[in-house]
């Protein structure tokens, strides 16, 4: 059995794509309704952690892209998202 710490470390090491694939699998299992109540709760908890991880990865990527400005096709620096 994995602990919450092990679970969090495993999810933190996942790429966005890996986490999304697993999250999609969790959703499918929950939608089919074949899991016991306890299994469903565990799946939901893992799904919530995967969703948070994906949201954090997306936010980080968005911030990185928003900071890039171009002049003559070359990156020239950064600018806040509101300035784009």
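Number of residues in region 22-42 that are closer than 19 Å to residue 58 by Cα and either in contact with a helix residue (DSSP H, G or I) (Cβ under 7 Å, 6 or more places away or on another chain) or surrounded by 13 or more Cβ atoms within 10 Å (Cβ to Cβ) (or both) equals 2.
Contact map, region 10-34: residues that are farther than 17 Å from residue 54 by Cα paired with residues that are assigned to a helix (DSSP H, G or I), Cβ distance under 7 Å, separation 6+ or inter-chain. Pairs shown: 29/43; 30/40; 30/43; 30/44.
How many residues does region 43-70 hold that are touching a strand residue (DSSP E or B) at 6+ places or on another chain (Cβ under 9 Å) and surrounded by 11 or more Cβ atoms within 10 Å (Cβ to Cβ)? Residues meeting the conditions: 3. Here is the figure for region 20-42: residues that are within 14 Å of the chain's Cα centre (by Cα) and assigned to a loop (DSSP other than H, G, I, E, B) total 0.
Each reported figure results from applying straightforward, stated rules to the coordinates on display, with no laboratory input. As the structure is a prediction and not an experimental result, all values here were calculated from the model. Note: ideal-geometry Cβ built from the backbone for every residue, glycine included; neighbour counts use all protein chains shown.
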